[in-house]
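Report on one structure; see the data block that follows.
The values are calculated or read from the model by the stated rules, or taken from the named source; none is laboratory data. Because the structure is a prediction, the values reported are computed rather than measured. In this analysis, Cβ positions are derived from the backbone assuming ideal geometry, glycine residues included, and neighbour counts consider all displayed protein chains. Only protein heavy atoms, including side chains, enter the accessible area calculation; ligands, DNA and RNA are left aside. Shrake-Rupley method; radii C 1.70, N 1.55, O 1.52, S 1.80 Å.
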Amino acid sequence: MRGNRTGGSGADANGPRGRGPERGRDKLAQGMLAGALGVFIAAGISACNTNPHAADVPPPSTVEQQPAANGQSPDTESSSHHNAPKPGIVLPNTIQVFYATTPVFQDLTHHIVLWNATQAYKAMYAAAYQPAEAGTADLKRYWTGTGYQQAHGWAQAWISAKQQPVGFSVLSNVVVENLTPEQATVGFCEDLSGVVRGNVQTHTPGKALQPKNSLGDRIEYSMVPTGVKGQWQVNGESIAKASALCPPPSEKHHHGH
């Protein structure tokens, strides 16, 4: 796979980036960033808080929806603070994940693949919040092979640099391609203009990962089923830098979409 992600102190400080939300959601996201930074500064990075506003892909009915009972509770030291367990990963509220528009599910398999891709994305960000080792149970659950090495390396670089991604990420232009029983490709744009580098030691925000009004990166996950009902894993990730598929939000509005 080409275009591996860089970590917290990598040469490409901007990291992957992509599309933005609609005008109303943009205001919401700005408010979320302010709230995230408030928690980041006031409560500290390791505070026992979780994000109730994760990317809005509901779990398919065939997917196991009791992760705590199966030993798949979030690796964020916070699952015990929930009255009711949520399916899959719940990120710390210092990083939030949104979709610009809610994806439309074509059929059950499409829904299952997209849900697992969302969990993989969140697992990678959650792994960056570990104190020393990025190899969380959820990272191993949703990533495998070369994909796991890429995601682990990305998260581990943040940990080694004593930094964490803080703010909100917006995903858009989500497409499930080449879907067969044996494999699938999930592509999306990632807008990281609302994500900054948080300093673990000082608990203060730093530089944004993506300049405003810039072309974003197009992310593609190669995914394979695990043989367990409803479970897919990312076995490779590629990134197209500054893709024409991922224009800034202002350009998107001009096209009426």
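Annotations
- Among the residues of segment 223-232, those identified as open to solvent by 30 Å² or more (accessible area, probe 1.4 Å) and assigned to a strand (DSSP E or B) are VAL224, PRO225.
- If you go through segment 120-143 and keep only what is of a type in the set (Asp, Glu) and open to solvent by less than 10 Å² (accessible area, probe 1.4 Å), you end up with just ASP138.
- When residues of segment 179-204 are limited to those that are part of a loop (DSSP other than H, G, I, E, B) and among the hydroxyl-bearing types (Ser, Thr, Tyr), the one nearest to ALA100 (Cα to Cα): SER193
- Failed item in (1) outside any loop (DSSP other than H, G, I, E, B); (2) open to solvent by less than 30 Å² (accessible area, probe 1.4 Å); (3) out of contact with any helix residue (DSSP H, G or I) (no Cβ under 9 Å at 6 or more places or on another chain), with CYS246 passing the rest: (1)
- For segment 199-222, taking the residues that are among the polar types (S, T, N, Q) and open to solvent by 50 Å² or more (accessible area, probe 1.4 Å), the one that is modelled with the lowest pLDDT is identified as ASN213.
- Segment 144-163, residues that are more than 13 Å from the chain's Cα centre (by Cα) and crowded, with 19+ Cβ neighbours inside 10 Å: THR144, GLY147, TYR148, GLN150, HIS152, GLN156, TRP158, ILE159, GLN163
- Matching residues, segment 181-195, being at pLDDT 95 or above and either within 19 Å of PRO92 (Cα to Cα) or of a type in the set (S, T, N, Q) (or both): GLN183, THR185
- The set of residues from segment 140-176 being among the aliphatic types (A, V, I, L, M) and in contact (Cβ under 8 Å) with a residue 40 or more places away in the chain comprises ALA151, ALA155, ALA157, ILE159, ALA161, VAL166, VAL170, LEU171, VAL174, VAL176.
- Check on GLN96, modelled with pLDDT under 95, out of contact with any strand residue (DSSP E or B) (no Cβ under 7 Å at 6 or more places or on another chain) and either under 30 Å from LYS162 (Cβ atoms) or open to solvent by 10 Å² or more (accessible area, probe 1.4 Å) (or both): no
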